[in-house]
Amino acid sequence: MRKSVLFMSSIFAFLTLSCGGDASAIHLQEENNAKVLQAEVEKAFTADKVVSELSLYTPPLDTRLQYISIDYWEGAEEFNQVYDRKEGMQEKSETLASQNIKRLPAITHKSKDLVFNLKDVDYSNTYANFIQAVTLVMEEYPEDSEETYDNFVLHRYSFKATAPNKIKEVLTLHAKKVGEKARQYKRKTNTNYYEFTFVVSDNGELEWI
């Protein structure tokens, strides 16, 4: 049975804190950063770009936004393209869904009508949904249980077309298991991390995936 919602002050103690010293850093899980995220997306891709999916994500266990990815159609083919904030625009590649249309034309595939404009994306719920997701994980794995997690990071936040001009939001957290230590192999240090993924339902509540 899930426990009652924890106080916000308790939740904040389990979040990974933002790293300082980088003036250009954009922290995906930062509060009140909707305009910053929108500006960064529209710097990478034009606001009028029609896409089937948009994803903003960080390196593992890092709060800093590094990658902006879109899926979009060109004629009968769908492509993925990634903008790396450090390395710039990457080469586009055909998506697996597009390849399957050619390989298995007889079955039902992803529709080219399921698209939206980047300018129509609403980033304002990113932080609130992150906090709600952390709350759900901590309710499922409370502090006094044998398995619990901390150092939560908003790793990925995606916007996916589920109907023409209808956008579904999906988010993935990274976290460390409490008490689990990093392992040293020669000159390498390996740290395990765990993923928790949620979809935002039509009523604004989060559902586990």
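The values are calculated or read from the model by the stated rules, or taken from the named source; none is laboratory data. Quantities reported herein were computed from a predicted structural model and do not represent experimental measurements. Backbone-built Cβ (ideal geometry, glycine too); neighbour counts: all protein chains shown. Quick note on the areas: whole protein, heavy atoms, side chains included, nothing else; ligands and nucleic acids left out. Shrake-Rupley method; radii C 1.70, N 1.55, O 1.52, S 1.80 Å.
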*Which of (1) open to solvent by less than 80 Å² (accessible area, probe 1.4 Å); (2) at pLDDT below 95; (3) in contact with a helix residue (DSSP H, G or I) (Cβ under 6 Å, 6 or more places away or on another chain) does residue 2 not meet, given it meets every other one?*
(1)
*asked:* List the residue pairs whose Cβ atoms are under 7 Å apart, where the first residue sits in the range 129-157 and is within 20 Å of residue 170 (Cβ to Cβ), the second is surrounded by fewer than 21 Cβ atoms within 10 Å (Cβ to Cβ) and of a type in the set (Gly, Ala, Ser), and the two are 6 or more positions apart or on different chains.
replied: 156/55
*What number of residues within the range 59-80 satisfy the criterion of being part of a strand (DSSP E or B) and farther than 18 Å from residue 150 by Cα?*
12
_Between 133, 97, which is of a type in the set (Gly, Ala, Ser), open to solvent by less than 80 Å² (accessible area, probe 1.4 Å) and more than 23 Å from residue 35 (Cβ to Cβ)?_
97
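Those residues that are within 14 Å of the chain's Cα centre (by Cα), under 16 Å from residue 120 (Cα atoms) and open to solvent by less than 30 Å² (accessible area, probe 1.4 Å), I need them from the range 42-58; list them, please. Full working, then the answer.
Residues of the range 42-58 within 14 Å of the chain's Cα centre (by Cα): 53-58.
The next check asks that each one be under 16 Å from residue 120 (Cα atoms); those that pass are 53-56.
Those that are within 14 Å of the chain's Cα centre (by Cα), under 16 Å from residue 120 (Cα atoms) and open to solvent by less than 30 Å² (accessible area, probe 1.4 Å): 54, 55, 56.
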*Count - residues of the range 177-196 that are free of Cβ contacts under 8 Å to residues at least 40 places away in the same chain, open to solvent by 70 Å² or more (accessible area, probe 1.4 Å) and either in a strand (DSSP E or B) or over 25 Å from residue 134 (Cβ atoms) (or both)*: 7
